[in-house]
Each structure stands twice: as C-alpha cells, then as structure tokens.
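Single-structure report; data block below.
The values are calculated or read from the model by the stated rules, or taken from the named source; none is laboratory data. Keep in mind that this is a model prediction, so the values were computed, not measured. Neighbour counts are summed over all protein chains in view; Cβ atoms, including those assigned to glycine, are modelled from backbone coordinates with ideal geometry. Side chains are part of the model used for accessible areas, which takes the heavy atoms of the whole protein and leaves out ligands, DNA and RNA. Shrake-Rupley method; radii C 1.70, N 1.55, O 1.52, S 1.80 Å.
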Amino acid sequence: MYFREKICSTTIKNTYMNKRKSALLSALYILITTVIIVLFFPHEGKFRYQFFEGKPWRYGLLTAPSDFPIYREIDEIEAEKDSLRQHFEPYFRLDKNDENVKTEEWEQHKSHLSIPKEIINYLDESLAEAYGKGIAKATDLEAMLLDNRTKIKIIANGLVESYSINDLYTTKSAYDNIISKAPQTLDEHILAECHLDNFLTENLIFDSDTSALILDSMIMAVATTSGMVQAGERIVDKGEIIDHHTYSVLRSLKKIHETKLGGSGRQNIMQLGQFLLIFAIFLCVGLYLAILNPKIFYIHKDLIFILLCILCACLLSEICVKFKPEYIYLLPFAIVPIVIRTFFDSHTALFTHLIIALTCSLTALFPYEFLLLQVLTGIVVIFSLKELSERSNLLKCSLFVVLTYAVFYVSLVLFQEGDFSKINLENLIYFSINFVLLMFSYILIYIIEKSFGYISPISLIELSNMNKPLLKRLSETAPGTFQHSMNVATLASNAAAEIGANAQLVRTGAIYHDIGKMKNPAFFTENQRGGVNPHDKLTFEESAQIIISHVTDGIKLAEKYGLPKAIENFIPTHHGRGKTKFFYNSWINEHPGEPVPENAFTYPGPNPFTKETAILMMADSTEATSRSLKEYTDDNLKSVINKIIDSQIADGLLKNAPLTLRDIETIKDVFLETLQTMYHTRISYPDLKK
C-alpha cells in the first residue's frame, strides 16, 4: 500500500512538473514575440491629436508647451530648391590672355595688308566689339540652352555682371556677324581675304567650380522654417477651423513631439512605455489561452502558430506605417481570423484578431477609425465563415469583409464630416484590393496544413472522395471492410454532430481506419465468403497477431499515401490498448488457471485522446457487433450498444478522451437511432394473383 501511494505521488509530481515546464516555455514564446514586436515598433513619440486642414479642431484649447519653430512643408522646400536650380545663372570668367595674343597677331597681320583704310578701321572696330561682348565655347552655350538658361554671370575685374546668352558670341557667330553686317560700300571679297576668323578666340571660360559652389550655398540657405511659436502662445481652440498657418504650426508641434527633442532620457522612458503596453496586451493573450483555452497554451505547436499569425500581421503593419501609412488598409488583416477559424474555434479566431487590431492601432495613422473598422470586420468574418468546406464559403466571406470595410468607412466619414465629398475614394480602392488579397487565404491554408500538420474541412472533403486511389483499392480488395467503414462513418459522424465534435473529421477518419485489412482481407469476417475461415488452421496467438497487425499495416499505408496525421491518428486509436476479445477469451477458456500472455492479444494503441477518436472506437465496435444479431429489435440494439460502450469504459479505454457522461449517453442514443434506420425491417410486397 505504501509503495502504491508513493508511485501515485511521484506520478502526480512528475505531471505537475511537466505541466509547469510547458507553461514556462509557453510564457517564453509569448515574451519573445513581445520583444520582436517592440524592436520593430516605431520609436518616435505618438502625437495624441488628429487634425486636418480646413476642418474643425475637435479638442480643447491648445497652447505651445515651449518655444518651437514653424517648419515648412518638405514639398514647399523642394519646390523652392527646384526653382533656384531652374533660374540659376551659371558663372563664366573673363580670360584676356588668348584675346591679347590674337589682338597682337592681328596688328602684325594688318600691317602687311594692302587694303583700303576704311576696311581696316571696320575690322578693328568689329574685333573690339566682339571681344567686348564676349566669345564663349559653342559647347558651353549649347549646354546652357539645353538647360533652358537665358542668362549667365560674367566675372571680370573683380565684378560680376549678368548677361543674356543671346548677346554672346561663338568664334563662328562672331565672324559671321562681322561679315554679314559690313557696310555695302566695303568689298566682301577683300573682307574675306583678311581672314579675320584666324584672330577670333574664346575669352569667356565656364567656371563650373564657382557655379556649383554658389548654387549649393543658395540651396543650403533655403529656410526650413517660417517663424517661431512662443511658449504659452495660443495655437487653436475647440471648434475653430484649421487654416493653413494653424495647420503648419500643428504639424511642426507634431514633428517635434515625434522626434523626441526632449532628450535621450525621455526617449528611453517612451520605449519602456511601449514595451509595457505591448507586454500587457500579450499578457492578456497568455491568460486567455492558459485559462480559457489551455489546449492551445500547452501544445506548443498550436501556440507558436497563433503567435506567428499575430507577429506577421503586426510586423507588416509596422513596416507599412513606417514607409506608406495610407497603405495600411491594403493589408488583409481578415486573413488571420479566416485561417484560425479554419483550424481552431471561432472564439480563438476573434480574440486573436482583436489582439492584432489593438496592437496595430498603436501605430496606425488614425487609430480609432482603424480599430473600429478592424473589430467590426473580425466579427463579420466569424459570423460569415462557419466552416471553410467550399471555395464559395471563402468568396462570400471575402465579399462580406470588403462590404463591411466600405459601409462602415463611409458611415464613419459621414458621421464625422457630414459631407459626401470628404469620402476618400482611394480607401475604397484599397478595400477592393483587400478583397483580392483575401482570396489568397485558400493557398495560405494549404501551406499551413503542410507546415504545421493541420487539416482543413476542404482537405477532409477531398480525402473523402471515393475515387481516391487508396479508397478504390480498399473497395476492390476488401469490399466487406469498405462497407463496414462506410457504416461506421455514418454512425460516428451523426454522433459527433450531436455532441459538437468535428463530424467531417471523424467521418473521414472512419473511412480510412481499417485500410490495414487490405493486406490480409480474408482473415476478417466481413470479407469471408463460402464459410471458409483461415483462422481454423492457426493458434489463438497467431490469429490475434494477424488481427492486430491491421493497425500497424494501416499506419504504414497511411504514411505511404501521405495521409495527414489527424487522419492517421484514427488507425491506432480505434482499438486503443484493447484486446482481441474473441481470441483472448478463447485462449483463457482453453487454458484455465494459466498465466495469460497479455501482449499477444493487446493492440499497440494508444487509447483515444480526442472526442473524435473516442467516438470512432465506440462506433467501430458497435457496428461490428450489431452485425452478429439475428434480430434487429430496439432492445437487442440497445443492449449491444450499452454492452460495448460500458465495457470500453470499464477497461479504461476512454479515460483519456475529453467526453462527459452526458456526451456518452447522447452518443448511445444517436447510435441506437442510426442503427434502427440502417437495419429497419422492410415490408414484403404481395405477389400478383393470376
């Protein structure tokens, strides 16, 4: 007695320690998720006022907390810089070195010319006039014209003067101008023979360094502010329309607040507040799962999946807000409740969506509007998507979501503004794109199934298709077993629907639970024909091992054909750790008083651990035993059902299943009603008298 109590105490202690270890690990996962979200969280301070130019101020009197400048808008500053670049006059430097050389060469050249004096005088004046206006390189002038420059500045003798580009010459244009404007009294042939073009050269050099330096200094000098606001100065009061100046002041105050000009100490305190706020939200997640949904909390795979859903949604939201805040309505937040509702219950789906909405609203541009829309959308998803068993279910749900977004957004704008023109059509376009993105839930669900080993109603329906190769082989190889599986599926799915279990899951599991019998179909009574029983030539132990092997053979087939784990679980649990009662009892009767080789007659198990696997165990045994009845009366059927299920309870096969006594009684009633329908007595039709 002492050792039994000690073993029991040790077992309870180990169970408690394992549960405590699992809880600590789950808490660590939640903490890690919190830290990741905080690391990506915008670290700028959150301005607690929302304001729009041309709209009334919705809060009380606002005064300046301290002196701060009024910042100009970035677009305005960039526009001024572009204007400076566009109207900038590049700098040229007057260089007379080459000009003096060419002038001296001309003086020497003209002394050897035997031409009239009036021509010499005209050429001297023209040459001086060309150099006086300035001669620049043709490439420099072409570049100025391509940049739409009309004027340049010339640096000469320490002075800077502005000139029109049209007044400047190139060597070619200067020569052409001299020849074309010559008085008619002068002989053109003599002018050409003077070769004045050989004495024209550029005296204006483009000064790129000076131009770049001065342009940069002008751009740097562009003012980023347009005034100052004194501490305590009145900014705006409730009900006042926000004009352009007030809007600029409010925007400047918001910018100063969000960039944390208060110092690093305040920044650290702000980050601490962010961490505590997000940690409090995720503490609610942990408490909800630990108290109201412990199955998810203690099964780490499920917990990690829920946390990943929250984490991905929050990180996408934070990235979006950082780069394009207005695109936040493009993000299909409703995918999360759709996916979670597919694999878990509706309460968990809605709670997860609310947590995402709360967390993301901390970074949203308009938090109250965002939170309101997301909460309403999540509720609509839960009500519109009871089960994702058809593609049309997802289409309808997505349509309801986009209609919810549109209707409530328009209603909110009309409530706040009272003006249809204030409705932002871009948001309605974003909602439409959101509808398209929601349709990708179908692909996402498939990926999650393969990654986490879950199974969706769509996959269950696909697996129930009788044209599946494995089911076609079962119907051809073991037709009796196939018919038995179909009857069990009917019994089990009816009972599951009545007690709130997953009817489609247990139905699909029932169809596949006996696939292992295909290896030795003749050893099972439902497949025997002609009264031949191969067990007659075997010992009880050998027969029991062949019967038991249909479980292990079934698992091998399930793995070969890639059946989901949720379906494979029905194969070893439909007998649990039960015994092959026929051969077990026969051996005991033949060997009275001898030690029984329990392992030779015991199925490998494990025992059922879910409602669905427990229902299948009861349905399998009940259907098989009911076939042996000679007469299908209500009393006989009820007696068989009670005997089978009560013996399973007595043997401890259902101790791990989360079923209540009320559930078991309901299952018995459903079995009785279904068997009565399956084995009802037909009336005999009278023969026609001749």
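A compact table of results
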| item | result |
| --- | --- |
| Index of the failed condition, residue 107 passing every other in (1) acidic (Asp, Glu); (2) free of Cβ contacts under 8 Å to residues at least 12 places away in the same chain; (3) open to solvent by less than 50 Å² (accessible area, probe 1.4 Å) | (3) |
| Residue 511, sole failed condition from (1) open to solvent by 20 Å² or more (accessible area, probe 1.4 Å); (2) under 20 Å from residue 556 (Cα atoms); (3) among the β-branched types (Val, Ile, Thr) | (1) |
| Residue that is nearest to residue 456 (Cα to Cα) [pool: residues in region 580-601 that are in contact (Cβ under 8 Å) with a residue 40 or more places away in the chain and surrounded by 14 or more Cβ atoms within 10 Å (Cβ to Cβ)] | 601 |
| Options 661, 688; residue that is modelled with pLDDT of 90 or more, open to solvent by 40 Å² or more (accessible area, probe 1.4 Å) and aliphatic (A, V, I, L, M) | 661 |
| Residue 355 being in contact (Cβ under 8 Å) with a residue 60 or more places away in the chain and open to solvent by less than 20 Å² (accessible area, probe 1.4 Å) | yes |
| Any hit, region 386-396, residues being crowded, with 19+ Cβ neighbours inside 10 Å, in a helix (DSSP H, G or I) and touching a residue at least 24 places away in the same chain (Cβ under 8 Å) | yes |
| Enumerated helices (runs of 4 or more DSSP H) restricted to region 100-204, each holding at least 3 residues that are under 30 Å from residue 88 (Cα atoms) | 117-133, 138-146, 171-180 |
| Matching option when the condition is crowded, with 18+ Cβ neighbours inside 10 Å and in a helix (DSSP H, G or I), among 383, 415, 435 | 435 |
| Any hit, region 608-623, residues being open to solvent by less than 10 Å² (accessible area, probe 1.4 Å), in a loop (DSSP other than H, G, I, E, B) and touching a residue at least 12 places away in the same chain (Cβ under 8 Å) | yes |
| Close pairs (7 angstrom Cβ cut-off, 6 or more residues apart or separate chains): over 15 Å from residue 36 (Cα atoms) in region 263-288, at pLDDT below 90 and outside any helix (DSSP H, G or I) anywhere | 266/260; 267/260; 270/45; 270/260 |
| Boolean, residue 445 is surrounded by 19 or more Cβ atoms within 10 Å (Cβ to Cβ), in contact with a helix residue (DSSP H, G or I) (Cβ under 8 Å, 6 or more places away or on another chain) and not in a helix (DSSP H, G or I) | no |
| Residue that is least open to solvent (accessible area, probe 1.4 Å) [pool: residues in region 624-646 that are within 21 Å of residue 544 (Cβ to Cβ) and in a helix (DSSP H, G or I)] | 644 |
| Qualifying residue in region 185-195 (condition: of a type in the set (Ser, Thr, Tyr) and in contact with a Phe, Trp or Tyr (Cβ under 6 Å, 6 or more places away or on another chain)) | no |
| Test: residue in region 475-498 that is within 20 Å of the chain's Cα centre (by Cα), of a type outside the set (D, E, K, R) and closer than 21 Å to residue 615 by Cα | no |
| Total residues in region 129-186, condition of a type in the set (Phe, Trp, Tyr) and under 15 Å from residue 211 (Cβ atoms) | 1 |
| Extreme residue, surrounded by the most Cβ atoms within 10 Å (Cβ to Cβ), among residues of region 328-346 that are aliphatic (A, V, I, L, M) and assigned to a helix (DSSP H, G or I) | 338 |
| In region 110-137, residue farthest from residue 171 (Cα to Cα) [restricted to those that are in contact (Cβ under 8 Å) with a residue 60 or more places away in the chain and open to solvent by 70 Å² or more (accessible area, probe 1.4 Å)] | 118 |
| Failed item, numbered, when residue 457 is tested on (1) open to solvent by 10 Å² or more (accessible area, probe 1.4 Å); (2) at pLDDT 90 or above; (3) touching a Leu at 6+ places or on another chain (Cβ under 8 Å); (4) within 16 Å of residue 564 (Cα to Cα) | (2) |
| Positions within region 364-380 being touching a Phe, Trp or Tyr at 6+ places or on another chain (Cβ under 7 Å) and either open to solvent by less than 40 Å² (accessible area, probe 1.4 Å) or not aliphatic (A, V, I, L, M) (or both), in sequence order | 364, 373, 374, 377, 380 |
| Candidate set: region 220-229, residues that are assigned to a loop (DSSP other than H, G, I, E, B) and open to solvent by 60 Å² or more (accessible area, probe 1.4 Å); chosen: the one nearest to residue 71 (Cα to Cα) | 224 |
| Pairs, first touching a residue at least 60 places away in the same chain (Cβ under 8 Å) and under 18 Å from residue 394 (Cβ atoms) in region 341-352, second open to solvent by less than 20 Å² (accessible area, probe 1.4 Å) and in a helix (DSSP H, G or I), C-beta under 6 Å, six or more apart | 342/445 |
| Near pairs, Cβ below 9 angstrom, 6+ apart or cross-chain, from region 151-172 (aromatic (Phe, Trp, Tyr)) to any residue that is open to solvent by 70 Å² or more (accessible area, probe 1.4 Å) and part of a helix (DSSP H, G or I) | 163/133; 169/133 |
| Qualifying residue in region 198-219 (condition: open to solvent by less than 30 Å² (accessible area, probe 1.4 Å) and among the hydroxyl-bearing types (Ser, Thr, Tyr)) | yes |
